[in-house]
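The values are calculated or read from the model by the stated rules, or taken from the named source; none is laboratory data. Only a predicted model underlies this, so the values are computations on that prediction, with no experimental measurement involved. Counting neighbours? That spans all protein chains shown, and the Cβs are built from the backbone with ideal geometry, glycine included. In case anyone asks, the SASA skips ligands and DNA or RNA and just uses the protein heavy atoms, side chains included. Shrake-Rupley method; radii C 1.70, N 1.55, O 1.52, S 1.80 Å.
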Amino acid sequence: MNLPNINIAFKDKANTTIRRGERGIVALVLKDAVPSVNPIIVKSEDDIPASLTADNKEQIELALIGGENVPEKVIVYIVAADAADFSAALNYLETTKFDYLAIPSIDKTDDVVAWVKQLRDSMDIKIKAVLPHTTADYEGVIDFDTDNISANGKTYTAAQYCSRIAGILAGTPLNISATYSVLKEVEDVPHLSKTDGDNAVAAGKLILINDGEKCKIGRAVNSLVTTDDNKGEDFKKILIVDKNDMWHNDVKMTVSDFYLGKYPNNYDNKILLIAAIQGYNDQLAVEGLLDNSLAEYNKVTIDIDAQEVYLESIGTDTSSMKEQEIKEANTKDKVFLASNLKWTDAMEDFNINVTI
(Lines give C-alpha, C1' and ligand atoms only; values in the text may rest on other atoms or scores of the structure.)
Protein backbone atom coordinates (compact mmCIF):
# COMPACT_ATOMS: atom_id res chain seq x y z
CA MET A 1 0.00 0.00 0.00
CA ASN A 2 1.61 3.24 -1.10
CA LEU A 3 0.99 6.68 -2.64
CA PRO A 4 -2.83 6.78 -2.89
CA ASN A 5 -2.95 10.52 -2.26
CA ILE A 6 -0.70 11.48 -5.14
CA ASN A 7 -2.74 9.43 -7.63
CA ILE A 8 -5.92 11.15 -6.52
CA ALA A 9 -4.27 14.58 -6.57
CA PHE A 10 -2.99 14.13 -10.11
CA LYS A 11 -6.39 12.89 -11.27
CA ASP A 12 -8.09 15.90 -9.69
CA LYS A 13 -5.61 18.26 -11.34
CA ALA A 14 -6.20 16.73 -14.75
CA ASN A 15 -9.97 16.71 -14.38
CA THR A 16 -10.04 20.43 -13.58
CA THR A 17 -7.45 21.55 -16.14
CA ILE A 18 -9.92 23.13 -18.56
CA ARG A 19 -11.75 24.99 -15.81
CA ARG A 20 -8.52 26.29 -14.30
CA GLY A 21 -7.18 27.27 -17.70
CA GLU A 22 -10.30 29.29 -18.46
CA ARG A 23 -9.68 31.75 -15.65
CA GLY A 24 -6.08 32.84 -15.28
CA ILE A 25 -4.77 35.60 -13.06
CA VAL A 26 -3.59 39.01 -14.25
CA ALA A 27 -1.07 41.11 -12.32
CA LEU A 28 -1.10 44.85 -12.96
CA VAL A 29 1.48 47.33 -11.69
CA LEU A 30 0.11 50.87 -11.54
CA LYS A 31 1.50 54.22 -10.41
CA ASP A 32 -0.76 55.98 -7.93
CA ALA A 33 -1.02 56.96 -4.28
CA VAL A 34 0.06 53.84 -2.41
CA PRO A 35 -2.91 52.47 -0.39
CA SER A 36 -2.70 51.02 3.11
CA VAL A 37 -3.56 47.59 1.67
CA ASN A 38 -1.24 46.73 -1.19
CA PRO A 39 -1.77 44.86 -3.47
CA ILE A 40 -5.46 45.23 -4.20
CA ILE A 41 -7.33 42.07 -5.23
CA VAL A 42 -10.00 42.79 -7.84
CA LYS A 43 -12.53 40.20 -9.02
CA SER A 44 -15.12 42.60 -10.37
CA GLU A 45 -15.47 46.31 -11.00
CA ASP A 46 -17.08 46.64 -7.56
CA ASP A 47 -13.68 45.86 -6.02
CA ILE A 48 -11.89 48.79 -7.72
CA PRO A 49 -11.03 51.43 -5.09
CA ALA A 50 -12.61 54.84 -5.64
CA SER A 51 -9.32 56.46 -4.58
CA LEU A 52 -7.49 55.42 -7.76
CA THR A 53 -7.11 57.79 -10.68
CA ALA A 54 -9.55 57.48 -13.56
CA ASP A 55 -6.81 56.16 -15.83
CA ASN A 56 -5.84 53.45 -13.37
CA LYS A 57 -9.44 52.42 -12.82
CA GLU A 58 -9.76 52.08 -16.58
CA GLN A 59 -6.66 49.86 -16.76
CA ILE A 60 -8.20 47.45 -14.27
CA GLU A 61 -11.49 47.52 -16.16
CA LEU A 62 -9.67 46.67 -19.40
CA ALA A 63 -8.04 43.65 -17.78
CA LEU A 64 -11.37 42.46 -16.36
CA ILE A 65 -13.00 42.29 -19.82
CA GLY A 66 -11.06 39.10 -20.46
CA GLY A 67 -11.33 36.92 -23.53
CA GLU A 68 -13.54 33.87 -23.99
CA ASN A 69 -13.93 34.12 -20.20
CA VAL A 70 -13.04 36.75 -17.62
CA PRO A 71 -9.86 36.37 -15.53
CA GLU A 72 -10.16 34.76 -12.13
CA LYS A 73 -8.87 37.98 -10.59
CA VAL A 74 -6.58 40.95 -11.12
CA ILE A 75 -3.80 41.55 -8.62
CA VAL A 76 -3.12 45.29 -8.59
CA TYR A 77 0.16 46.40 -7.04
CA ILE A 78 0.53 50.15 -6.59
CA VAL A 79 3.88 51.91 -6.67
CA ALA A 80 4.31 55.59 -5.88
CA ALA A 81 3.62 57.99 -8.73
CA ASP A 82 7.19 59.23 -8.55
CA ALA A 83 8.79 55.77 -8.23
CA ALA A 84 11.99 55.48 -10.25
CA ASP A 85 11.33 51.85 -11.15
CA PHE A 86 8.99 48.93 -10.48
CA SER A 87 11.34 46.87 -8.32
CA ALA A 88 9.06 46.93 -5.25
CA ALA A 89 6.21 45.46 -7.28
CA LEU A 90 8.42 42.86 -8.95
CA ASN A 91 9.83 41.78 -5.60
CA TYR A 92 6.33 41.23 -4.28
CA LEU A 93 5.07 39.44 -7.39
CA GLU A 94 8.03 37.07 -7.32
CA THR A 95 6.25 35.13 -4.57
CA THR A 96 2.69 35.61 -5.84
CA LYS A 97 0.74 33.27 -8.10
CA PHE A 98 -0.31 34.89 -11.38
CA ASP A 99 -0.19 34.17 -15.11
CA TYR A 100 0.18 37.44 -17.04
CA LEU A 101 1.76 40.74 -16.03
CA ALA A 102 1.14 44.19 -17.53
CA ILE A 103 2.59 47.57 -16.55
CA PRO A 104 0.69 50.29 -18.47
CA SER A 105 3.03 53.17 -17.58
CA ILE A 106 6.24 51.35 -18.49
CA ASP A 107 8.65 52.99 -20.92
CA LYS A 108 11.85 50.94 -20.59
CA THR A 109 11.16 47.22 -20.51
CA ASP A 110 14.67 45.73 -20.25
CA ASP A 111 14.55 45.22 -16.47
CA VAL A 112 11.18 43.47 -16.65
CA VAL A 113 12.34 41.20 -19.47
CA ALA A 114 15.39 40.23 -17.41
CA TRP A 115 13.15 39.59 -14.40
CA VAL A 116 10.79 37.35 -16.39
CA LYS A 117 13.72 35.36 -17.75
CA GLN A 118 15.20 34.98 -14.28
CA LEU A 119 11.92 33.71 -12.84
CA ARG A 120 11.25 31.27 -15.65
CA ASP A 121 14.77 29.97 -16.27
CA SER A 122 16.53 30.21 -12.92
CA MET A 123 13.76 30.15 -10.31
CA ASP A 124 11.33 27.77 -12.06
CA ILE A 125 8.42 30.25 -11.81
CA LYS A 126 6.45 30.17 -15.06
CA ILE A 127 4.92 33.62 -15.49
CA LYS A 128 4.50 35.73 -18.64
CA ALA A 129 4.52 39.48 -19.29
CA VAL A 130 2.72 41.52 -21.95
CA LEU A 131 5.03 44.41 -22.82
CA PRO A 132 4.82 47.12 -25.52
CA HIS A 133 7.28 47.12 -28.43
CA THR A 134 9.65 44.64 -26.78
CA THR A 135 11.66 42.38 -29.08
CA ALA A 136 12.70 40.01 -26.30
CA ASP A 137 12.98 36.87 -28.47
CA TYR A 138 11.65 34.89 -25.51
CA GLU A 139 8.58 32.74 -24.98
CA GLY A 140 7.74 34.36 -21.63
CA VAL A 141 7.35 37.85 -23.14
CA ILE A 142 4.47 38.88 -25.40
CA ASP A 143 5.55 41.78 -27.61
CA PHE A 144 2.36 43.81 -28.11
CA ASP A 145 3.01 46.06 -31.09
CA THR A 146 -0.17 47.94 -32.06
CA ASP A 147 -0.46 51.68 -31.39
CA ASN A 148 -3.23 54.14 -32.28
CA ILE A 149 -6.01 51.88 -31.02
CA SER A 150 -9.39 53.61 -31.29
CA ALA A 151 -11.76 52.45 -28.57
CA ASN A 152 -14.32 53.98 -26.23
CA GLY A 153 -13.96 57.34 -27.99
CA LYS A 154 -10.22 57.50 -27.20
CA THR A 155 -6.91 56.57 -28.80
CA TYR A 156 -4.61 54.21 -26.91
CA THR A 157 -0.94 53.38 -27.22
CA ALA A 158 0.31 49.80 -27.12
CA ALA A 159 1.44 50.29 -23.51
CA GLN A 160 -2.02 51.50 -22.50
CA TYR A 161 -3.65 48.41 -24.02
CA CYS A 162 -1.33 45.73 -22.61
CA SER A 163 -3.75 45.32 -19.68
CA ARG A 164 -6.49 44.40 -22.14
CA ILE A 165 -4.27 41.87 -23.90
CA ALA A 166 -3.19 40.31 -20.60
CA GLY A 167 -6.86 39.93 -19.66
CA ILE A 168 -7.69 38.27 -22.98
CA LEU A 169 -4.86 35.77 -22.62
CA ALA A 170 -5.74 35.02 -19.00
CA GLY A 171 -9.35 34.40 -20.01
CA THR A 172 -8.65 32.10 -22.97
CA PRO A 173 -9.20 28.38 -22.21
CA LEU A 174 -6.38 25.92 -22.83
CA ASN A 175 -8.38 24.11 -25.52
CA ILE A 176 -8.52 27.12 -27.88
CA SER A 177 -6.18 29.86 -29.07
CA ALA A 178 -6.48 33.63 -28.67
CA THR A 179 -5.80 33.97 -32.41
CA TYR A 180 -8.55 36.08 -34.02
CA SER A 181 -10.06 36.93 -30.62
CA VAL A 182 -12.33 39.91 -31.27
CA LEU A 183 -11.99 43.08 -29.17
CA LYS A 184 -15.58 44.29 -29.40
CA GLU A 185 -14.86 47.71 -27.90
CA VAL A 186 -12.15 48.53 -30.45
CA GLU A 187 -13.44 50.63 -33.33
CA ASP A 188 -10.29 50.73 -35.44
CA VAL A 189 -6.56 50.02 -35.54
CA PRO A 190 -3.96 50.89 -38.18
CA HIS A 191 -4.73 48.98 -41.37
CA LEU A 192 -1.78 46.75 -42.24
CA SER A 193 -1.22 45.09 -45.58
CA LYS A 194 -1.17 41.29 -45.60
CA THR A 195 2.60 41.39 -46.08
CA ASP A 196 3.17 43.82 -43.19
CA GLY A 197 0.95 41.74 -40.91
CA ASP A 198 2.74 38.52 -41.83
CA ASN A 199 6.12 40.17 -41.28
CA ALA A 200 5.05 41.42 -37.84
CA VAL A 201 3.91 37.95 -36.76
CA ALA A 202 7.10 36.38 -38.12
CA ALA A 203 9.06 38.88 -36.01
CA GLY A 204 7.30 37.69 -32.85
CA LYS A 205 4.86 40.58 -32.54
CA LEU A 206 1.31 40.26 -31.28
CA ILE A 207 -0.74 42.73 -33.29
CA LEU A 208 -4.35 43.80 -33.73
CA ILE A 209 -5.83 43.75 -37.22
CA ASN A 210 -8.97 45.15 -38.80
CA ASP A 211 -10.65 42.61 -41.09
CA GLY A 212 -13.04 45.23 -42.49
CA GLU A 213 -15.76 44.49 -39.97
CA LYS A 214 -14.08 44.00 -36.59
CA CYS A 215 -10.76 44.32 -34.82
CA LYS A 216 -9.05 41.23 -33.47
CA ILE A 217 -5.76 39.63 -32.52
CA GLY A 218 -3.82 38.69 -35.64
CA ARG A 219 -2.13 35.57 -34.26
CA ALA A 220 -1.50 34.64 -30.65
CA VAL A 221 2.31 34.52 -30.69
CA ASN A 222 4.93 35.48 -28.15
CA SER A 223 8.21 37.26 -28.90
CA LEU A 224 10.26 34.09 -29.49
CA VAL A 225 11.88 34.13 -32.92
CA THR A 226 15.10 32.14 -32.58
CA THR A 227 14.44 28.40 -32.29
CA ASP A 228 16.74 25.49 -31.47
CA ASP A 229 16.56 21.83 -30.49
CA ASN A 230 15.19 22.71 -27.05
CA LYS A 231 12.69 25.32 -28.21
CA GLY A 232 11.13 24.60 -31.58
CA GLU A 233 8.44 26.40 -33.56
CA ASP A 234 5.73 25.35 -31.09
CA PHE A 235 7.31 27.55 -28.41
CA LYS A 236 6.34 30.63 -30.44
CA LYS A 237 2.66 29.98 -29.70
CA ILE A 238 1.08 31.38 -26.57
CA LEU A 239 -1.30 28.40 -26.36
CA ILE A 240 1.50 25.82 -26.33
CA VAL A 241 3.57 27.76 -23.78
CA ASP A 242 0.48 28.09 -21.56
CA LYS A 243 0.00 24.32 -21.73
CA ASN A 244 3.66 23.70 -20.96
CA ASP A 245 3.45 26.03 -17.97
CA MET A 246 0.24 24.39 -16.73
CA TRP A 247 1.84 20.91 -16.90
CA HIS A 248 4.98 22.13 -15.19
CA ASN A 249 3.08 23.87 -12.38
CA ASP A 250 0.69 20.97 -11.78
CA VAL A 251 3.40 18.33 -11.64
CA LYS A 252 5.78 20.46 -9.58
CA MET A 253 3.15 21.43 -7.00
CA THR A 254 1.60 17.97 -6.70
CA VAL A 255 4.95 16.25 -6.29
CA SER A 256 5.98 18.89 -3.76
CA ASP A 257 2.77 18.54 -1.74
CA PHE A 258 2.38 14.76 -1.79
CA TYR A 259 5.73 13.16 -2.54
CA LEU A 260 8.82 15.25 -1.79
CA GLY A 261 10.54 13.97 1.35
CA LYS A 262 7.71 11.57 2.17
CA TYR A 263 8.92 8.29 0.65
CA PRO A 264 12.19 6.34 0.29
CA ASN A 265 13.93 7.03 -3.01
CA ASN A 266 13.87 3.49 -4.35
CA TYR A 267 12.94 2.07 -7.72
CA ASP A 268 9.48 0.89 -6.63
CA ASN A 269 8.47 4.35 -5.44
CA LYS A 270 9.84 5.93 -8.60
CA ILE A 271 7.63 3.59 -10.64
CA LEU A 272 4.61 4.55 -8.53
CA LEU A 273 5.34 8.23 -9.13
CA ILE A 274 5.72 7.56 -12.86
CA ALA A 275 2.35 5.80 -12.89
CA ALA A 276 0.71 8.75 -11.13
CA ILE A 277 2.09 11.31 -13.60
CA GLN A 278 1.19 8.98 -16.48
CA GLY A 279 -2.39 8.94 -15.24
CA TYR A 280 -2.35 12.75 -15.31
CA ASN A 281 -1.08 12.73 -18.92
CA ASP A 282 -3.71 10.18 -19.92
CA GLN A 283 -6.48 12.36 -18.51
CA LEU A 284 -5.12 15.42 -20.33
CA ALA A 285 -5.39 13.37 -23.54
CA VAL A 286 -9.02 12.57 -22.69
CA GLU A 287 -9.61 16.30 -22.19
CA GLY A 288 -8.20 16.91 -25.69
CA LEU A 289 -5.15 18.87 -24.54
CA LEU A 290 -2.60 16.17 -25.36
CA ASP A 291 -2.50 14.38 -28.72
CA ASN A 292 -2.77 10.64 -28.17
CA SER A 293 -2.77 9.66 -31.85
CA LEU A 294 0.78 8.28 -31.63
CA ALA A 295 1.47 5.71 -28.94
CA GLU A 296 5.08 6.75 -28.34
CA TYR A 297 4.18 10.23 -27.04
CA ASN A 298 3.05 11.47 -23.63
CA LYS A 299 4.91 8.69 -21.83
CA VAL A 300 6.57 9.14 -18.44
CA THR A 301 9.81 7.25 -17.84
CA ILE A 302 13.01 7.29 -15.83
CA ASP A 303 15.45 9.59 -17.62
CA ILE A 304 18.13 7.03 -18.39
CA ASP A 305 20.65 9.50 -19.81
CA ALA A 306 20.40 11.93 -16.89
CA GLN A 307 20.50 9.10 -14.36
CA GLU A 308 23.58 7.58 -15.99
CA VAL A 309 25.39 10.92 -15.96
CA TYR A 310 24.55 11.34 -12.27
CA LEU A 311 25.71 7.85 -11.38
CA GLU A 312 29.03 8.48 -13.09
CA SER A 313 29.37 11.77 -11.20
CA ILE A 314 29.15 9.98 -7.85
CA GLY A 315 31.69 7.35 -8.83
CA THR A 316 29.46 4.55 -10.12
CA ASP A 317 30.90 2.83 -13.20
CA THR A 318 27.94 2.34 -15.57
CA SER A 319 29.93 1.04 -18.55
CA SER A 320 28.95 -2.59 -17.92
CA MET A 321 25.48 -1.91 -16.49
CA LYS A 322 22.34 -2.90 -18.39
CA GLU A 323 19.57 -0.33 -18.88
CA GLN A 324 17.39 -1.91 -16.21
CA GLU A 325 20.27 -1.87 -13.76
CA ILE A 326 20.73 1.85 -14.38
CA LYS A 327 17.03 2.38 -13.78
CA GLU A 328 17.14 0.52 -10.48
CA ALA A 329 20.41 2.03 -9.25
CA ASN A 330 20.54 4.06 -6.04
CA THR A 331 20.48 7.77 -6.90
CA LYS A 332 20.57 8.98 -3.29
CA ASP A 333 18.04 11.85 -3.02
CA LYS A 334 17.87 12.56 -6.77
CA VAL A 335 14.94 11.57 -9.02
CA PHE A 336 15.35 11.76 -12.81
CA LEU A 337 12.16 11.47 -14.84
CA ALA A 338 11.26 12.42 -18.41
CA SER A 339 8.07 12.85 -20.44
CA ASN A 340 7.67 13.44 -24.18
CA LEU A 341 4.55 15.59 -24.42
CA LYS A 342 2.71 16.18 -27.69
CA TRP A 343 0.17 18.98 -27.28
CA THR A 344 -2.82 19.54 -29.51
CA ASP A 345 -2.85 22.93 -31.23
CA ALA A 346 -5.80 25.06 -32.32
CA MET A 347 -7.16 25.22 -35.89
CA GLU A 348 -5.57 28.37 -37.36
CA ASP A 349 -4.40 27.77 -40.94
CA PHE A 350 -6.87 26.45 -43.51
CA ASN A 351 -6.47 25.21 -47.08
CA ILE A 352 -9.82 24.48 -48.69
CA ASN A 353 -9.91 23.26 -52.29
CA VAL A 354 -13.19 23.72 -54.12
CA THR A 355 -14.04 21.87 -57.33
CA ILE A 356 -16.97 23.00 -59.47
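Which one of these is in contact with a His (Cβ under 8 Å, 6 or more places away or on another chain) and either at pLDDT 95 or above or open to solvent by 60 Å² or more (accessible area, probe 1.4 Å) (or both): Ala170, Ala158, Ala202?
Answer to the check: Ala158.
Identify, from the list Asp229, Asp188, Asp196, the residue that is over 19 Å from Met347 (Cα atoms), surrounded by fewer than 20 Cβ atoms within 10 Å (Cβ to Cβ), at pLDDT below 95 and not basic (Lys, Arg).
Exactly one residue qualifies, and that residue is Asp229.
List, please: which pairs have Cβ atoms under 8 Å, are six or more places apart or on different chains, and start with a residue in the range 251-266 that is open to solvent by 80 Å² or more (accessible area, probe 1.4 Å) and end with one that is among the acidic types (Asp, Glu)?
Matching pairs, first to second residue: Lys252/Asp124.
Among the residues of the range 66-122, which ones are closer than 29 Å to Lys216 by Cα, more than 17 Å from the chain's Cα centre (by Cα), surrounded by fewer than 17 Cβ atoms within 10 Å (Cβ to Cβ) and touching a residue at least 24 places away in the same chain (Cβ under 8 Å)?
Hit for the range 66-122 is Asp107, nothing else.
Pull up the range 53-65, narrow it to residues that are in contact (Cβ under 8 Å) with a residue 24 or more places away in the chain and farther than 12 Å from Pro104 by Cβ, then point me to the one that is least open to solvent (accessible area, probe 1.4 Å).
So, considering only residues that are in contact (Cβ under 8 Å) with a residue 24 or more places away in the chain and farther than 12 Å from Pro104 by Cβ, the one least open to solvent (accessible area, probe 1.4 Å) is Leu64.
If we keep just the residues of the range 151-203 that are among the polar types (S, T, N, Q) and without any contact (Cβ under 8 Å) to a residue 40 or more places away in the chain, which is nearest to Ala129 (Cα to Cα)?
In this case the residue turns out to be Thr157.
Just to verify a result, which residue in the range 155-187, among those that are out of contact with any helix residue (DSSP H, G or I) (no Cβ under 9 Å at 6 or more places or on another chain) and in a strand (DSSP E or B), is nearest to Asp99 (Cα to Cα)?
My answer is Val182.
Among the listed residues Asn298, Asn269, Asn230, which satisfies the condition of being in contact (Cβ under 8 Å) with a residue 12 or more places away in the chain and not in a helix (DSSP H, G or I)?
It is Asn298.
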